[in-house]
Each structure stands twice: as C-alpha cells, then as structure tokens.
Amino acid sequence: MKKAEESILLIAKGITPGVLAANALQKRVNREAPAKQRRVKNRHLNLEAGKMVSDDEFIRALGKEEAAKAAKKKVDDVGRLAKKKKATEEKITDKIAKVGPSRKRKSAEETAVTKTARKAKKSKNV
C-alpha cells in the first residue's frame, strides 16, 4: 500500500517510474572512474644474455643500487640546502642595502663636545 501511495505522489509531482529508472542508470554510468593503482617497482637485475646470478649476487647488487640512490639523494639535498642558504644570505644583504647605513654611535670626543654645547646654551638662557 505504501509503495502505491509513493508512486502516486511521485507521478503527481511529474516524476514517472521511467525517470527514476533512467536516473539510476545514469548514476551508474557516470560514476567516478576507479583510482589507478601504482604498479610494483620492477627490481629485477638487468642481465646480459646467458649470465647466471645467484641469490647472494642479486642481494648485493640491490644493496649497491639502493646505496647509490641514497648517496645521490644526499648530494641533491646538500646542494638544495646550499642554494637555499645562499638565497637567504642574498635576501639579507639586499635588505641591508635598501635600509642604508645604520646610525653610528658617537665617539667619546663627540659626546663631550655636545655636552659642553648644551651646558653653554643653558648658561645663556639662565
């Protein structure tokens, strides 16, 4: 009884069973594509024709490859850090150049001269 009432209400709203079926089909057809999965990395050795490799040799070769990759990454990291450090140093020198020379501290002689000049002004005003 409920289904009949629901279908009557939907038809009254202008939603026919054909529209419902088409909508469900369209949702299935237009759903998102499945996410691509990464392939497992091929770690086989590059062998010349007819060369046999034992397990120990294979493991040593893989170890050498991984060590070479780690060394290369370390060198790249050091280079990148050096460039970054140089860039920050350049920024700092540019900022200093834009600001201009900083105020210099007065020497003891200059402070003594200004003190005597202030005292002279006070004595004239009194």
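Return the pair list, or none, for Cβ contacts closer than 8 Å from residues in the range 60-78 that are within 19 Å of N42 (Cβ to Cβ) to residues that are open to solvent by 90 Å² or more (accessible area, probe 1.4 Å), at least 6 apart or on different chains.
Filtered contacts from the range 60-78: L62/R43.
Looking at (1) closer than 30 Å to A4 by Cα; (2) at pLDDT 75 or above; (3) surrounded by fewer than 10 Cβ atoms within 10 Å (Cβ to Cβ), can you tell me which one V29 breaks?
It fails just one condition, (2).
The values are calculated or read from the model by the stated rules, or taken from the named source; none is laboratory data. It should be emphasised that the depicted structure is a prediction, and the values quoted were computed from it without experimental measurement. FYI the Cβ positions are ideal-geometry reconstructions off the backbone, even for glycines, and counts take in every protein chain you see. Protein only, heavy atoms only, side chains kept; ligands, DNA and RNA dropped before computing areas. Shrake-Rupley method; radii C 1.70, N 1.55, O 1.52, S 1.80 Å.
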